[in-house]
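As structure tokens, the structure follows; a few thoughts come after it.
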Amino acid sequence: MRVQFGWHLDGAHWPETLDGAIHGLGDAVVGPEGLLGLLESCLGLGRPDVPPVLRVAQFLARLRAVDDGARFFSASLAADGWAVAALILGWRDALVEAGWSGEDPNGGERLSTLATAERSAAGPLAPGRADRLRALLDELAGLLPQPPALPISELRLATPAGLLPPGWRLLLERLAGAGVRILPCKEGGKEGDALGDGDLAALGRRLAGDRSAGADGDGRVTVLEADDEWMAAEVVAGWLAARPDLNHQVVIVRDQRTTLLDEACRRLGLPRAGGAGRSPWRGAAQVLPLAFAALWEPLDAHRLMELLTLPQSPIPSGVAETFADALVEAPGIGGPAWQEAWRTARERRRGRLEARGLSGKELERRLAAEERDWRGWLDSARFPETEGVPVPAAVALCGRVAAWARGRAAPRPGTRPGNRDAGRDEMLDTVADQAETMAAVVAACGMPRLSRPQLDRILDMVIADGVAMPAGGAEAAAWATVDDPGQLWGPAGTVLWWGFVDPVAAQPAIPWSNAERLALAGVGCLPEPAGARLAREAWAWRLPLLNAVDRLILVRPRRIAGEVTAAHPLWHEIEPALARCPPLSASAALAVDRLTLAGRTLVRKEMEPGAPPLPRARWGIPAGAVAVPDRLSATSLERLLGCPFAWVLHHVAGIRPGVLRAIPDGSRLLGSLAHAVLVELLTERPDWTPEAAAARAAALFDRLLPALAAPLLRPGLGLEMERARVGVAEAARRLVALIVEAGLRVRGCEVAVETELDGVTLEGRIDLLLETAAGAPVVLDLKWSGSDKRRRQEIAEGRAVQLAVYGRLVGGEMGPAVPAGYMMLAQQRLLACAPAPFPPHLHVPGSDLPAVWRAAWSGRLAALERLADGDIRAAGIPDGDGPGSDEPVGLTLEPPCNFCGYGRLCGVGSVGA
């Protein structure tokens, strides 16, 4: 067996076989991981893989066991134990790879502490790559001078032996002693030799140290510069499509993500390069982090909403929709909306189970089991971030995620083996593996509780690799791809280096002082210096240039994902040699119809420009398609008079905005909370004094806050929350003072009223219904907004439809006008439509509510007649010469475009508007 070994050859590589032939049966091209696995198999040392994150947890337990409060890491361990354990474990592994066997070299407190941790009995430490390397070295040393019967006859180096770390050089010596023939890198040639001719050869000489070497501009080297990835991807995809020659080998070095290049290739009918094949942001992969995010007190309502609305949520879609609606109404847990959601969810689920034929005890048993499962996700215990989550609770949550993912990944009963749904869902299997790993890591940390920063760090490591993208992997193509320049270890026809910019891969710092290095050297441990690592990386960067036989294309976007990029370090070495090869601008390449680039001709044709959809003021539908509603509320009447198009979409078509965007914040959030506080305040007792009302409102604010406005409890919002508490208390004081001053008493809060009118049920829910000493009704609607300007204008211009409807509902058709007004809570100001019973200075002249009601009801009839004829008007768009442009009958309101979610459908605010 022959083996090609290079430091960067784990994963994709080119050539794919030892000699570049089509097949390589019995040969192997491997990197460090591959060589370790191969030798372990030969010597019987193989063992199951251990996730690196689990080793960090195990090492953290060891550090905690030896920490007496005076260690060099004690203060940092208390602040962020996970980061400290990951850092020191890296130090420990580097020492083991360099030859440290765990003894104390008498080199100071840090090395002595590491030796103590190495001997700790706090628990096992799973072997990492360094431990596996030392085990192999020990095994090979124990078998000498009787060499083992290794099946490897020849090991060729793709990385110079002098650039390998000391431990790996020792492995090569042991393999040579075991009878394996070691062939040096680039046998028979100089390490700076280039395989290509002309300009490629000039670059090779330059890299070999010839400062006078320069390119002549023969076209073999092309530098493509672009303002961003988009432009670079368009040109590169066009070049790949220009002449697909199966006999001409192209190798793409994917040194940056290829998402945009893949998209450009797809548009041209080309395969994907596939440099973005995994992501931690896939839907199911978010269940674990979102479940942990919903575990904390105060509740993060946004994260809970995301958990409910995931495409693969652990909550059934119908049930999840119910709770999502409850969060929209009141973003918290435990309030009336949340309890009503539980009742609605149970009834919906009961109906579905009954439709499947379940009944009696079996139905109740199944329903109870499912409800327990839902409560595990939604109503489980939550823990303050300052105290952390108990480890058993975290392990249980991981188990719940793993069980859900395994259950969802299993083939459905009754599916045939050939069916595409019969196989397991690999993404869900990965999610289950991540959850099980997370449980093992949390349990291995040796801590009773884990803080949120610690859990977040662990999660970052556990889910870092993500899960496979369904449309992100490489596809079969006429070209080959590698992920790192060091993986291009042999000849290639044309090399295209995608993302030839600074890789910004931070090299780990060498933590040891000179005294510590001398002490380590005394026990046979020789840590690799930083310069050796950089030299090995610099060698890898040169390989695409040295192995390009025909052409080299370097793609340099100036921005990636909006961030300015820096030149690749290799560019500073080769730039002087390319004085006669000016870079090609991608913008210039895209501006011409025909361009010769790197031996291929790119032809571009101008596309016919398309016109964006124009805003439409009128939409025609078949007559009679819109049924006359049998129920109307004040809100729906306002929408109908303001914009019939929006009314049809909302009340007839049932189109709703996405719930993720609907969690209230700002004024909406505070308005809901203030409304609930005042309703409960005045329901508890109708005869408050202003001072007592303010004090009680502040207490109710604190009690209702987690259930109705949990986002205000997020860290960093303490000032906003305190201002809201004071604002609500002052609003209660002012409202009660006005009620007392006017000699009124509270008849009811959230009073539901309705009446039959012209065959239609008119309904409403009055926030606060008061009455005079004579029993006459007075209506107040509670509002919270940043300004009272809009409501003041409504009254002054005779457009207060909501108050007019409420007055009609409680006053009847023939009764006297009912006094009404808006109580603006944020401003502690009353806007009254009548000069009595409230003080005259609060009266906003302009509204005759009975007249407003008659105009609104007449306008409703006219609007419905137009809808019945199939004429739908989008009121926010000017109507030029469309049909039905007669003067409106009755009251029409200003289009609610500033508050409407349907603007993308009618065209308000679009390009053509």
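The values are calculated or read from the model by the stated rules, or taken from the named source; none is laboratory data. All figures in this text were calculated on a predicted structure; none of them were measured in a lab. Cβ sites come from the backbone with ideal geometry, for glycine too, and all protein chains shown count toward neighbours.
Of the residues Glu234, Glu225, which is assigned by TED's automatic domain parsing to the domain that holds Ala589, closer than 23 Å to Leu488 by Cα and at pLDDT 90 or above?
Glu225
Output the qualifying pairs, or none if there are none: Cβ atoms under 6 angstrom, residues six or more apart or on different chains, first residue in the stretch 531-549 and under 19 Å from Ala194 (Cα atoms), second residue at pLDDT 90 or above and aromatic (Phe, Trp, Tyr).
Filtered contacts from the stretch 531-549: Pro544/Trp497.
Residues to consider are Gly531, Gly610, Gly599; find the one that is closer than 25 Å to Glu234 by Cβ and assigned by TED's automatic domain parsing to the domain that holds Trp239.
Numbers: Gly531 fails: closer than 25 Å to Glu234 by Cβ; Gly610 fails: assigned by TED's automatic domain parsing to the domain that holds Trp239.
Checking each option against the conditions leaves just Gly599.
Please go through the stretch 730-745 and give me each residue that is crowded, with 19+ Cβ neighbours inside 10 Å and touching an Asp or Glu at 6+ places or on another chain (Cβ under 8 Å), ordered by number.
Result: Arg733, Leu744.
If you go through the stretch 387-410, how many residues are out of contact with any Lys or Arg (no Cβ under 6 Å at 6 or more places or on another chain) and in contact (Cβ under 8 Å) with a residue 60 or more places away in the chain?
Of the residues in the stretch 387-410, 11 are out of contact with any Lys or Arg (no Cβ under 6 Å at 6 or more places or on another chain) and in contact (Cβ under 8 Å) with a residue 60 or more places away in the chain.
Which condition number in (1) touching a Pro at 6+ places or on another chain (Cβ under 6 Å); (2) closer than 21 Å to Ile458 by Cβ; (3) of a type in the set (A, V, I, L, M) is the one that Ala65 fails?
Single failed check for Ala65: (1).
Which count do you get for residues in the stretch 69-113 that are part of a loop (DSSP other than H, G, I, E, B) and either hydroxyl-bearing (Ser, Thr, Tyr) or touching a Ser or Thr at 6+ places or on another chain (Cβ under 9 Å) (or both)?
Counting residues in the stretch 69-113 that are part of a loop (DSSP other than H, G, I, E, B) and either hydroxyl-bearing (Ser, Thr, Tyr) or touching a Ser or Thr at 6+ places or on another chain (Cβ under 9 Å) (or both) gives 9.
Which one is surrounded by the most Cβ atoms within 10 Å (Cβ to Cβ), of the residues in the stretch 841-859 that are free of Cβ contacts under 8 Å to residues at least 12 places away in the same chain and more than 12 Å from Pro819 (Cβ to Cβ)?
Arg854
Here are Arg790, Arg854, Arg808: which of them is part of a helix (DSSP H, G or I), under 19 Å from Gly671 (Cα atoms) and modelled with pLDDT under 95?
From the options Arg790, Arg854, Arg808, the qualifying one is Arg790.
Among the residues of the stretch 246-262, write down those that are within 20 Å of Leu554 (Cα to Cα) and out of contact with any helix residue (DSSP H, G or I) (no Cβ under 7 Å at 6 or more places or on another chain).
Answer for the stretch 246-262, where residues must be within 20 Å of Leu554 (Cα to Cα) and out of contact with any helix residue (DSSP H, G or I) (no Cβ under 7 Å at 6 or more places or on another chain): His248, Gln249, Val250, Val251, Ile252, Arg254, Gln256, Arg257, Thr258, Thr259, Asp262.
Just wondering, is there one or more residues in the stretch 574-595 that are assigned by TED's automatic domain parsing to the domain that holds Val501, touching a residue at least 40 places away in the same chain (Cβ under 8 Å), of a type in the set (A, V, I, L, M) and loosely packed, with under 14 Cβ neighbours inside 10 Å?
yes
Can you confirm whether the stretch 467-482 contains a residue that is acidic (Asp, Glu), over 30 Å from Leu111 (Cα atoms) and free of Cβ contacts under 8 Å to residues at least 40 places away in the same chain?
Within the stretch 467-482 (the criterion being acidic (Asp, Glu), over 30 Å from Leu111 (Cα atoms) and free of Cβ contacts under 8 Å to residues at least 40 places away in the same chain), the answer is no, since none of the residues qualifies.
Could you check the stretch 196-253 and list, in sequence order, the residues that are outside any helix (DSSP H, G or I), crowded, with 23+ Cβ neighbours inside 10 Å and of a type outside the set (A, V, I, L, M)?
Gly196, Arg220
Run down Ala646, Ala698 and say which single residue is in contact (Cβ under 8 Å) with a residue 60 or more places away in the chain and either among the aliphatic types (A, V, I, L, M) or within 30 Å of Leu905 (Cα to Cα) (or both).
Values: Ala698 fails: in contact (Cβ under 8 Å) with a residue 60 or more places away in the chain.
Only one candidate passes the filter, namely Ala646.
Checking the conditions here, which among Leu9, Leu39, Leu18, Leu35 is buried (at least 16 other Cβ atoms within 10 Å of the Cβ), assigned to a loop (DSSP other than H, G, I, E, B), touching a residue at least 24 places away in the same chain (Cβ under 8 Å) and over 36 Å from the mean Cα position of the chain (by Cα)?
Matching residue, one of Leu9, Leu39, Leu18, Leu35: Leu18.
For Arg551, are the conditions met, namely being under 22 Å from Leu597 (Cβ atoms), surrounded by 20 or more Cβ atoms within 10 Å (Cβ to Cβ) and basic (Lys, Arg)?
Judged against the criteria, Arg551 is a match.
Results for (1) under 17 Å from Asp767 (Cβ atoms); (2) of a type in the set (A, V, I, L, M); (3) crowded, with 19+ Cβ neighbours inside 10 Å, shown as yes or no for each residue.
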| position | (1), (2), (3) |
| --- | --- |
| Val652 | no, yes, no |
| Arg703 | no, no, no |
| Ala707 | no, yes, yes |
| Val728 | yes, yes, yes |
| Glu750 | yes, no, no |
| Val753 | yes, yes, no |
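Does at least one position in the stretch 708-723 carry a residue that is at positive phi and either of a type in the set (D, E, K, R) or at pLDDT below 95 (or both)?
Scanning the stretch 708-723, I find at least one residue that is at positive phi and either of a type in the set (D, E, K, R) or at pLDDT below 95 (or both), so the answer is yes.
Yes or no: Arg616 outside any loop (DSSP other than H, G, I, E, B), touching a residue at least 60 places away in the same chain (Cβ under 8 Å) and surrounded by 15 or more Cβ atoms within 10 Å (Cβ to Cβ)?
no
Test Ala78 against the stated conditions and say whether it is in contact with a helix residue (DSSP H, G or I) (Cβ under 6 Å, 6 or more places away or on another chain) and among the aliphatic types (A, V, I, L, M).
Spelling it out, it is not the case that Ala78 is in contact with a helix residue (DSSP H, G or I) (Cβ under 6 Å, 6 or more places away or on another chain) and among the aliphatic types (A, V, I, L, M).
Give the stretch 361-374 a look and list any residue that's surrounded by fewer than 17 Cβ atoms within 10 Å (Cβ to Cβ) and either of a type in the set (Gly, Ala, Ser) or within 25 Å of the chain's Cα centre (by Cα) (or both), or say none.
Ala368, Ala369
Taking helices (runs of 4 or more DSSP H) that do not extend beyond the stretch 519-608, which have at least 2 residues that are modelled with pLDDT under 90?
Numbers: elements: 530-547, 569-574, 586-590.
The helices (runs of 4 or more DSSP H) meeting that bar are 530-547.
Within the stretch 42-56, which residues are outside any loop (DSSP other than H, G, I, E, B) and either among the aromatic types (Phe, Trp, Tyr) or under 30 Å from Ala435 (Cα atoms) (or both)?
Pro52, Val53, Leu54, Arg55, Val56
Out of (1) touching a His at 6+ places or on another chain (Cβ under 9 Å); (2) part of a helix (DSSP H, G or I), the odd one out for Gln4 is which?
Checking Gln4 against (1) touching a His at 6+ places or on another chain (Cβ under 9 Å); (2) part of a helix (DSSP H, G or I), the one that fails is (2).
With the requirement that a residue be touching a residue at least 60 places away in the same chain (Cβ under 8 Å), out of contact with any Pro (no Cβ under 9 Å at 6 or more places or on another chain) and surrounded by 14 or more Cβ atoms within 10 Å (Cβ to Cβ), what does the stretch 755-764 give you?
Leu762, Glu763, Gly764
For residues in the stretch 863-891 being of a type outside the set (Asp, Glu), modelled with pLDDT of 85 or more and in a loop (DSSP other than H, G, I, E, B), which is surrounded by the most Cβ atoms within 10 Å (Cβ to Cβ)?
Ala874
Here are some residues: Arg55, Arg62. Which one is touching a Ser or Thr at 6+ places or on another chain (Cβ under 6 Å), of a type in the set (D, E, K, R) and buried (at least 20 other Cβ atoms within 10 Å of the Cβ)?
Only one candidate qualifies: Arg62.
Of the residues Arg416, Arg420, Arg449, only one is among the basic types (Lys, Arg) and at pLDDT 90 or above; which?
Arg449
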